[in-house]
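The values are calculated or read from the model by the stated rules, or taken from the named source; none is laboratory data. These numbers come from a predicted model, not from an experiment. As a convention, Cβ positions derive from the backbone with ideal geometry for all residues, glycine included, and neighbour counts pool all protein chains shown.
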Amino acid sequence: MKMTKKVLSILLAVLLFAACIPFAAAAENDPFRISCVVNGNTETQRGLTWFTNVDCATVVSYTDGVNEYTAEGTSSAWEGNFVHKVLLKNLTPGTTYTYKVGNGTVWSEEGTFTTDNGDDKAEFVVFADIQASNLENFEKGANVVNTALEMYPDADFVANLGDFTDDSTNEEWDFYDEAMGKINRNVTLAPVAGNHDGLGVWDWFETMFNLDTSDSVQNLNGVNYSFDYGNIHFAVLNTNDLLSISTAQLSWLKNDMNSTACDWKVVLMHKSPYSLGKDAKWPDALYLKSALGPILDECNVDLVLSGHDHQYLRTKPLTNDELDEDGTVFVLAGTAGAKRYEIREFLVDNFMPLDYIEACVVQKDGYGNYFNGTDFNSVDEANIGGVFNHISVDGGNLTLNSYVVSDATNEVKCIDTMTLTKEQGLNVPTYDGNNSTPDYIYGMGIGVSFASLALYTLTEWIVIFIKMLPELLISYIKTGTF
C-alpha cells in the first residue's frame, strides 16, 4: 500500500511538472511591445514589431475577414530580449485586417489595422511627449490617447511626436507597453524620434519600430522617413541628427517634398522652432527656423507639427519668419503626459514675436493659463490636463481641432480650431531621383552641419540671448522660471 501511494505521488508530480512545461514555454515566448507602423505604401504595407524573452520563430497570422495569410520575418537580440520584425506586403487598399504575432504556436492577443483606400480624405490623431518614467504617468498619457480615439474612432493613424519614455530603458518601455499595449495593437502609428528616444540611447528608436529606413540619412539616434496618406504627403524628421538637423537631412527634405503630387504637405518633427517653453531659448531648436525655413517656403509646406516643449501653441501662417497668409502654420502639439512647461514670457518679442501667436494654452502644476491676445496669466482650470490634436483633410480643406483632457474630471475641452483651404491639383513634382544618402556623403557633411549650427549660434542666437538675459534673470529671481 505504501509503495502504491509512493508511485502515485511520483506519477502525480511528473504529470504536474509536464503540465507546467507548455505554460513556461508560453511565458518565455509571449510577444510584448507590439507595434504596427506606417512603412512605405500605406495602401498596401504595414511594419510590425514585437519582442520576446527568448529567441524563437517570427510569424504573423492575419486575415481580411475572408482569406487567411501568414508572413515570416527576422529576429535579433536586443538589450536582454529579442526583437521581431515583419513587413506585411501586398495588402488590399481600404481593408481592415485582424492579426496576431508569435512563433507559430504561441500567439499574442489580436490587433487590427485598416489600409488607406487611396481617396483624398484622411484623418489622424497627434500627441507628444508622454515622457514618463513610471506606470502611473504612462497610464495618464494612455488615458489621453484613449479619449482621442473614443472621440475619433475612424482615425486612420496616430502620430506620436516623440519622447515616448524618459530614459528609454527596458523598464520604461515595459511600462509604456503595459499602459499603451492595447492601443498600439489596434492603431497604425507614425512615430517621431524625440531627444529622449535617441540622444545618448543609440539605436533604440530604430529597434522599437519597423519603419522604412531606406532613405534615412542615418539611423543611430532616430529615423527620418516619409509616406502618403490620402491626399497628404508627410515628411518625418529626426531632430536628434547632429543635435538639430544635418545638411544631408535638409537636402533629403527638399527632394522629398518636391517629389510628391499630393495637395497637402505636412512635416512631423520633435523639436519645435516656435515655442515659449523652457527649451525655446537654446540654439539647437531655434536653429531649425533658419535651417528649415527656406525649404518649407520653397516647397510650399502647409503645416509643421512638433513637440518637445510640453505646451500648446499655434502660429499664424509664416514665410521667411514673417507673417504671410499663404505661409506655413506651426503647431506645438502640447503634451499628452503629466510633465508640462509654463510660458517663458522673456522669450516674447525676442525669440517669439507676440503677433506670430494665433493660439497658446499652457498647463503647469495646479493651474492652467491661456493667452487672450495680450495677457499670459488668464487662469482657466479646465486647461489643466493632457493635450491631443485631431487633423482631418477632405479634398481642399484641412481642419485642426485641439483638446485638453481634464486631470480632475476627464472632461474634454476644445482649446483651438483652425481650417486651411487650397485649390487642388496645382502641385507638380519636380524631383524623381534617388533620395537616399550614401554614408560618405553624410560623413562629408558633418563638419558643414556643425559649422552651420555654430555660425547661427555665434552670429544670431547669442546676440538675442544676451539682449534677453536681463529679462531672463528677473524671471528667475521672481518666479524661479529659467
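Points to keep in mind about this one:
- Residue that is nearest to W50 (Cα to Cα), among those in segment 107-118 that are assigned to a strand (DSSP E or B) and of a type outside the set (A, V, I, L, M, F, W, C): G111
- Residues that are of a type in the set (V, I, T) and within 20 Å of Y97 (Cβ to Cβ) do occur in segment 148-160, at least one of them.
- Residue match in segment 192-199 (condition: out of contact with any helix residue (DSSP H, G or I) (no Cβ under 8 Å at 6 or more places or on another chain), assigned to a helix (DSSP H, G or I), in contact (Cβ under 8 Å) with a residue 60 or more places away in the chain and under 20 Å from P429 (Cα atoms)): no
- The residue that is surrounded by the most Cβ atoms within 10 Å (Cβ to Cβ), counting only those in segment 119-141 that are touching a Gly at 6+ places or on another chain (Cβ under 9 Å) and part of a helix (DSSP H, G or I), is G141.
- Test result for L286, more than 28 Å from G40 (Cα to Cα), part of a helix (DSSP H, G or I) and either out of contact with any Lys or Arg (no Cβ under 8 Å at 6 or more places or on another chain) or of a type in the set (A, V, I, L, M) (or both): yes
- One residue stands out among those in segment 332-364 that are of a type in the set (S, T, Y) and either touching a helix residue (DSSP H, G or I) at 6+ places or on another chain (Cβ under 6 Å) or surrounded by fewer than 21 Cβ atoms within 10 Å (Cβ to Cβ) (or both): the one that is nearest to D279 (Cα to Cα), which is Y341.
- For segment 64-78, taking the residues that are exposed (fewer than 14 other Cβ atoms within 10 Å of the Cβ) and of a type in the set (D, E), the one that is farthest from W50 (Cα to Cα) is identified as E68.
- When A190 is tested against the conditions (1) on the phi < 0 side of the Ramachandran plot; (2) in contact with a Gly (Cβ under 6 Å, 6 or more places away or on another chain); (3) of a type in the set (G, A, S), the lone failure is (2).
- G104 meets the conditions (1) in contact with an Asp or Glu (Cβ under 8 Å, 6 or more places away or on another chain); (2) assigned to a loop (DSSP other than H, G, I, E, B); (3) surrounded by 13 or more Cβ atoms within 10 Å (Cβ to Cβ) in every case but one. The failed one is (1).
- When the residues of segment 439-482 are filtered to those that are of a type outside the set (S, T, N, Q) and not in a helix (DSSP H, G or I), the one that is surrounded by the fewest Cβ atoms within 10 Å (Cβ to Cβ) is G480.
- Across segment 171-184, not a single residue is classified as assigned to a loop (DSSP other than H, G, I, E, B) and hydrophobic (A, V, I, L, M, F, W, C).
- Within segment 271-309, being surrounded by fewer than 24 Cβ atoms within 10 Å (Cβ to Cβ) and on the phi > 0 side of the Ramachandran plot holds for one residue alone: N300.
- Hey, A291 more than 22 Å from S392 (Cα to Cα) and modelled with pLDDT under 95 or not: no
- Residue check, Y287 touching a residue at least 60 places away in the same chain (Cβ under 8 Å), over 19 Å from N160 (Cα atoms) and over 17 Å from the mean Cα position of the chain (by Cα): yes
- For segment 142-170, the tally of residues that are assigned to a loop (DSSP other than H, G, I, E, B), within 15 Å of the chain's Cα centre (by Cα) and of a type in the set (F, W, Y) stands at 1.
- Being of a type outside the set (G, A, S) and at pLDDT 95 or above holds for only one residue in V361, V329, and it is V329.
- The set of residues from segment 374-404 being modelled with pLDDT under 95 and charged (D, E, K, R) comprises D375, D380, E381.
- Subset of segment 88-107 [within 24 Å of the chain's Cα centre (by Cα) and of a type in the set (G, A, S)]: G94
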